[in-house]
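Encoded as structure tokens, the structure appears first; notes follow it.
Throughout, read-outs are computed from the coordinates displayed, never taken from laboratory work. Every value quoted in this text rests on a predicted model; they were computed, and no experiment measured them. Here the Cβ positions follow ideal geometry from the backbone for every residue, glycine too, while neighbour counts run over all protein chains shown.
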Amino acid sequence: MASIRNRHLGLIYVAPALIFVIAFVLYPLGQLVYLSLTDTSLLGGGEWVGLENYEKAFADKSFWRALWFTVKYTVVITPILMGLGFALALLTSNNSPLRLFTRATIFLPVVIGLGTSSLLWYWLLDQQVGLFNKILLDLHLVEEMPVWFTKADPALAAVIISVTWKVIGFGMILFVAAIQSINSEVLEAAIIDGANYWQRVWKIIIPLSMRTLLLATLISAIGSMLAFDQFYIMTGGNPRGQTFTSVYWIYQNSFISFKLGYGAALSIILTAIILFFSAIQVFLSNRSGTE
Amino acid sequence: MSAISQKSAPMARAQRYLIGAVCVLVITLMLGPIALSFFASIKTPAEASASPPNYLPQSLSTENYQKVIDYQAGLFTYASNSFLVAGMAIVLCLVLAVPAGYGLARFRLPGKEVIFVLLLAPLMIPYQAILTPIYLNFSKIGLANSHLGLAIVHAVLQLPFSIYLMRNAFEAIPREIEEAALIDGATSLQVLRRIFLPLVIPGVVTVMLFTFINSWNEFLAALIFMNKESSFTVPIMLVSVRTGRLGAVDWGALQAGVIVSILPCILIYVLLQKYYVSGFLNGAVK
């Protein structure tokens, strides 16, 4: 067959996609590097300034605060999403009708837009008209109405609650697949050996789901490091600019203050951070493909 | 040892009830926000903005929906914009990913690994970072503030997943089918069109599904690229509904807008859940 398979014939089929990626991803990436070395603004400019933008970035307290806030958001929400997602996967991994339905409803918000769900929760958590606080009060879970958006920490908590609702199904569905792919003979053998449920979870299910757990954690953490929609809609970066994320701060500099060159430098720094994690992710996924 | 694993019957039953109760609680937590939003959307505008709020509407009204339908350029315009962008993104993705998947799965390419890594580049480089140069390029060639421009960005986002999925779909087809056709003298393009395409339809459907949902929901690029009111997509319209007049939020209209914007997604999810979930598992982990 190899004689019929002209090597270059295959290239023709791959070429359009390749050209598309080069034109709309790799070439812009090169331009981004160049932009970051100029003082381009949406209003003009474009003089070469060398590393000035980077020097400015490293001294820019607001940028570091935004980056730090993004890390904080990621470090808090990732274990919640993974832990709760895994617990829900354990709860629903049996295919009984009730559990199938539970699983389907947990996954439902994953198909809703993050922008839309943020607007929904922005309303639910509103001080005047929102029902979230009313529910907390009516169920006697709190004595006094919590105030969500006037301080940075409660605002972060509010966003985390809303995003958890929106994406908890993501991890869960991956974990359900991992749990269901575990050989049932292994679990049966453990039962015969007298291992109780939690022993099976700790000694068999979790170790055998480790690769999925790791991958899901990476995917989820990368997503959180690039958070924008939920903060743009729910907090607007407030109070006093304390809830700007990295992407939000880049957006603010590039498209609100028109400082495209400076925004490009910040983008390069962020890309470098993300690239590190996504390279690990791609490496891990590719390895699993050959196993 | 058997005492540990064998529970008495009443205890097993209690455990079943407990798990059932937890399931019902989880279902309530997941569906609750959508239900409350729907109830708010069918309240009268005054009641929807009342403080303290009611859980259930005291009187029904379609006024909030009417407001969303009549909002600025009209809901029809914004929904059309969203459908148009998603449609173009779907076409772009298929036109690029189907041949690419075929090429990767069925040919010995020189430098295959390098090509594959290049095609996965959009996965590793956050699109949030390269929106500025793309925006500047599009401004030069008249694609800024155009639906085609936004569709291109959405296609970029969806391309690695689509190629990956199509490659797997093509790889799953047995060699014999292809060889028989080639011996009959068919060209590789004929093999693709007549023999392979019908076999990879599930993959094509999955690509369409994901591209639609992700394009319909995408926010940042739409926010940056679409700066003319009449070319907004639905998510951007929603944010603009919230801002409202004179800074007062129109809560009823906002919830009506939320319901309208999640409706297509939920419809697709309910109707094509199997495709969606299996595609999701294929793309994310493997």
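Assorted remarks:
- Share of Cα-Cα pairs in the stretch A:108-244 lying beyond 18 Å, as whole percent: 65 percent
- With each label modelled as a point 7 angstrom along the Cα→C-beta vector, the residue B:73-residue A:164 pair spans 3.9 nm.
- Stretched out straight at 0.36 nm per residue, the stretch from residue B:12 to residue B:38 would grow longer than its current Cα-Cα span by 5.5 nm.
- Inter-chain Cβ neighbour count for A:216-224, averaged per residue, equals 1 (cutoff 10 Å, partner chain atoms only).
- Charged neighbours of residue A:135, selected by a Cβ distance under 15 Å, balance to -3 (K, R count +1; D, E count -1).
- Placing a label point 7 Å from the Cα of residue B:28 along the Cα-to-Cβ line, the residues of the stretch A:126-142 whose backbone N sits under 19 Å from it are A:131-142.
- Neighbourhood charge, 14 Å Cβ-Cβ cut-off, centred on residue B:196 and excluding it, Lys, Arg +1 and Asp, Glu -1: +1
- Extending 7 Å from Cα along the Cβ direction at residue B:171 and again at residue A:272 yields two label points whose distance is 3.4 nm.
- When peptides B:181-189, A:170-178, A:87-95 are sorted by average Cβ neighbour count within 10 Å, with the highest value leading, the order is A:170-178, A:87-95, B:181-189.
- Size descriptor, Kirkwood hydrodynamic radius, that averages inverse alpha-carbon separations across the protein assembly as shown, Å: 25.7 Å
- Over all other residues within a Cβ to Cβ distance under 14 Å of residue A:54, the charged ones net out to -2, with Lys and Arg as +1 and Asp and Glu as -1.
- Going from the residue with the fewest nearby Cβ atoms within 10 Å to the one with the most, A:47, B:178 rank A:47, B:178.
- Under the Debye formula (equal points on every Cα, no solvent term), log10 I(q)/I(0) of the stretch A:49-290 at q = 0.13, 0.16, 0.17 Å⁻¹: -0.93, -1.19, -1.27
- Whether the stretch B:143-186 is rounded, prolate or oblate, judged on the alpha carbon gyration tensor where a/c under 1.5 counts as rounded: oblate
- Counts of other chain beta carbons within 10 angstrom of each beta carbon in peptide B:104-113 average 4.
- Filter on B:43/B:228; A:61/A:259; A:151/B:67; B:140/B:228; B:43/B:274 - keep pairs with C-alpha separation over 23 Å: B:43/B:228; A:151/B:67; B:43/B:274
- Projected-area average for chain B over all orientations - Cα convex hull basis, square nanometres: 24.6 nm²
- Peptide A:232-238 shows a mean partner chain C-beta count of 1 within 10 Å per residue C-beta.
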